[in-house]
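Inspection log for the structure reproduced underneath, given as structure tokens.
Taken together, the values in this text are just the output of simple stated rules run on the coordinates, not laboratory data. Note that the coordinates shown come from a computational prediction; the quantities given were computed from them, not determined experimentally. Here Cβ is always computed from backbone atoms with ideal geometry, including for glycine, and neighbour counts include all displayed protein chains.
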Amino acid sequence: MDQVKYTGQLMHIEDAGLRRLSQETVKKLIQHSQEAKKQAYCPYSKFRVGAALLTVDNCLFTGCNVENASYNLGVCAERNAISKAVSEGYCAFKAIAIASDLCDQFISPCGGCRQFMREFGSSWDVYLSKPDGAYTKMTVSQLLPVSFGPEDLAMKKVLDMPDVC
């Protein structure tokens, strides 16, 4: 049985599965993303998004979208949750659940969030949900096929670059 416990401000979900999450854990992850959505600051778009991120150590981080009058300075829920985890020393993730108020389709992360998630691997799970708790599961690589990641920077390159100007 999965358990959620708090240690200070850090939340843990006890899940026995290293790779595959139990149905109970998925349900809790989606519930936490729906709770995070309630904190969204979105006075311009009125489009609330919440995310719940589970690390490989079973620590849970949530995030919501935070808009700004200078639109491009807003932060998506997914990047918010990932940044919170990274700032606490966590860089390996099992799954993220994303919630919105869309009823007729599953919420899907924007392109920037897909690339942000890809920075931390391509094989972890992404649960796209609806307000009623229904969800579909994909991996980061399914959301961002033929992606560019950190390992690409180590690949062989042409060292002699011609003058461009």
Report task. Please report the orientation-averaged projected area of the chain, defined via the convex hull of its C-alpha atoms, in nm². Result -> 12.6 nm²
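What is the Cα radius of gyration of the range 76-165 over 2.2 N^0.38 Å, N being its residue count?
Working: Rg = 16.4 Å, N = 90, 2.2 N^0.38 = 12.2 Å.
This ratio for the range 76-165 stands at 1.35.
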Query raised in the report: Helix 23-37: angle to the longest alpha-carbon principal axis of the chain, degrees 0 to 90, nearest 10?
Result: 80 degrees
Query raised in the report: Under a plain spin-label model, where a point goes 7 Å from the Cα along Cα-to-Cβ, how far apart in nm are residue 155 and residue 38?
Result: 4.5 nm
Report task. Check the straight Cα-Cα distances from residue 28 and name the lysines below 26 Å, setting aside those fewer than 8 residues away within the same chain. Result -> 5, 37, 38, 46, 84, 94, 130, 137
Query raised in the report: At what distance in nm do the modelled label points of residue 22 and residue 164 sit from each other, each positioned 7 Å from its Cα along Cα→Cβ?
Result: 5.3 nm
Query raised in the report: GNM, the chain, Cα, under 10 Å: largest mean-square fluctuation among 132, 101, 152?
Result: 152
Query raised in the report: If the viscosity is 0.890 mPa s and the temperature 25 °C, what Stokes-Einstein diffusion coefficient in µm²/s follows for the range 33-104 when Rh is the Kirkwood radius over Cα pairs?
Result: 201 µm²/s
Report summary line: The answer for GluC sites (Glu not before Pro) in the range 63-165 that fall in a DSSP coil and have at most 16 neighbouring Cβ atoms within 10 Å is 88, 119
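Multiply the residue gap between residue 83 and residue 69 by 0.36 nm, knock off their C-alpha separation, and tell me the result in nm, one decimal place. List each step's numbers first, then the result.
On the way: separation 14, 0.36 × 14 = 5.04 nm, distance 2.14 nm.
Extra length available between residue 83 and residue 69 comes to 2.9 nm.
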